[in-house]
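Asker: Got a structure for you, questions after.
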Amino acid sequence: MAYSSSRHQSEVMKRRDLKASSFLKINKLSDIAGAEIIDIDLREPIKLETYEAIISALLEHHVLVFRNQKLSKEVQVEFTKQFGELEEHVGRLPDGNRYPLMHTVTNLDPATGIPTTAPHTHGNYFWHTDKSYHAVPSLMTILFAVDVPPTGGDTLFCNMHAAYDALSKSEKEALIGLKAVHSWEASRLNTGNIPASEEQKRERPPVIHPVIRTHPETNKKSLYLGMHVDHLCGIPTIESRRLLETLLENATVERNIYRHSWQKGDLVMWDNRCLLHRGDRNYDMSAHARILHRTVVKGSKPI
Ligand code: OGA
Ligand code: MN
């Protein structure tokens, strides 16, 4: 396959005047986030112009939806590699084995293949940005819908630029210089998931990120929060928790959200640097399968 691995995004960004719409058919899905890219078969290697247009569209719309794709796991990995280095996972499958590079978001019990609501399926249903418990968190996540419930099981995306912009001048000022501790351990606790093992805690010690994040490509500010946060640095625990809850509640209001209703064959990619996301349990998890193939691209240290 003639895929070219890891094209250089920074080079692409230097040519940001490029009009994505002259190389791609784009259908905007909402004003806050989300656009469909039409008439493209991601099994085929994409031309440099198309790649650049995809990056440009991602920066503008934050969530891109490619419908009716037919991708093997191998081809999804090759497709993903074009956008950067694939991330490893600290998460373990119920049998104790580490998630593979390409892993599956599913509500099926791996042993029986039967839908389950067990704790390991919970993690994705709380607002978060992927791998913010890493010193260098994710740039992009790609999910490919293999099987979806007849209705529901949506994924919600919250535009955190809009959340930041909606703060008053004094609220913004109060957050300047504020940092948050993110950790795998806190994430497990916050979501009622299987607690972090000692090995996982050693692998992923807590990290500190700014609460106001500047997007490395667009220079726009956003709020960088979510369920992987343990506490805000230098603020007493109860107050920190209260402030985090308030910030999250005000950020994740309807007008800041794009709701993606999955269709089988959708490939969705999103920008973790300026969005929070979560799954919606608005389907019968114990009756219907929801299977999404997932690849994640490493980003840069938040500043
Ligand atoms: C993820 C994620 C949400 C969902 O894969 O990173 O958070 O809707 N998924 O399953
Ligand atoms: Mn996620």
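The values are calculated or read from the model by the stated rules, or taken from the named source; none is laboratory data. Model, not experiment: these values are computed from the prediction. Using ideal geometry, Cβ is built from the backbone for each residue, glycine included, and neighbour counts are taken over all protein chains shown. When the accessible area is computed, the model is the full protein with side chains, heavy atoms only, and any ligands, DNA or RNA have been set aside. Shrake-Rupley method; radii C 1.70, N 1.55, O 1.52, S 1.80 Å.
Asker: Charges at C-beta only: +1 for Lys and Arg, -1 for Asp and Glu. How large is the resulting dipole of segment 158-303 about its Cα centre, in Debye rounded to 20? Provide the component values of the computation, followed by the final result.
Answerer: Working: 22 positive and 17 negative charges, 62 e Å.
Dipole about the Cα centre, nearest 20: 300 debye.
Asker: Report the calculated FRET efficiency for THR151 and GLU88 (r = Cβ-Cβ distance, R0 = 30 Å), to the nearest 0.05. Intermediate results must be reported in sequence, preceding the final value.
Answerer: Values: r = 34 Å, r/R0 = 1.14.
Approximately 0.30, to the nearest 0.05.
Asker: Name the residue from PRO205, LEU247, SER56 whose Cα lies farthest towards the positive end of the charge dipole of segment 6-298, charges +1 on Cβ of Lys and Arg and -1 on Cβ of Asp and Glu.
Answerer: The residue sitting most towards the positive pole is SER56.
Asker: When the helix-only estimate is applied to the chain (DSSP H runs of n ≥ 4, each -39,500 (n - 2.57), divided by the residue count), what is the mean residue ellipticity at 222 nm, nearest 500 deg cm²/dmol? Numbers along the way, then the final one.
Answerer: On the way: 8 runs with 70 residues, N = 303.
It lands at -6500 deg cm²/dmol.
Asker: For the chain, what % of the accessible area comes from carbon and sulfur atoms, probe 1.4 Å?
Answerer: Values: 7150 of 13840 Å².
Ligands and nucleic acids excluded, carbon and sulfur reach 52 percent.
Asker: Write down the Kirkwood hydrodynamic radius of the chain, to one decimal in angstroms, obtained as one divided by the mean of 1/r over all alpha carbon pairs.
Answerer: Numbers: mean 1/r = 0.0505 Å⁻¹.
By the Kirkwood definition, the hydrodynamic radius is 19.8 Å.
Asker: Extending each Cα 7 Å along its Cβ direction at LEU108 and ALA174, get the distance between those two points in nm, one decimal.
Answerer: With each label placed 7 Å out from Cα toward Cβ, I get 4.8 nm.
Asker: Excluding ligands, DNA and RNA, what is the solvent-accessible area per residue of the chain at a probe of 1.4 Å, expressed in Å²?
Answerer: Details: 13840 Å² over 303 residues.
On a per-residue basis, the chain sits at 46 Å².
Asker: Return the loop-located trypsin sites (Lys or Arg not before Pro) in segment 221-303 (DSSP other than H, G, I, E, B) with at most 16 other Cβ atoms within 10 Å of their own Cβ; answer none if there are none.
Answerer: Numbers: sites: LYS221, ARG241, ARG242, ARG255, ARG259, LYS264, ARG273, ARG278, ARG281, ARG290, ARG294, LYS298; in loops: LYS264, ARG273, ARG281, ARG290.
Listed in order of number, the matching sites are LYS264.
Asker: With the contact rule set at Cα under 8 Å and sequence spacing of 6 or more, what percent relative contact order holds for segment 6-298? Please report the intermediate quantities before stating the final value.
Answerer: Values: 582 pairs, mean separation 93.7, N = 293.
RCO, segment 6-298: 32 percent.
Asker: Residue separation times 0.36 nm, minus the C-alpha to C-alpha distance between LYS25 and GLU249: what's the value?
Answerer: Details: separation 224, 0.36 × 224 = 80.64 nm, distance 3.49 nm.
Extending this stretch completely gives an extra 77.1 nm.
Asker: Suppose every Lys and Arg Cβ carries +1 and every Asp and Glu Cβ carries -1, with no other charges. What dipole size does the chain come out with about its Cα centre, to the nearest 20 debye?
Answerer: Computed charge dipole of the chain: roughly 440 debye.
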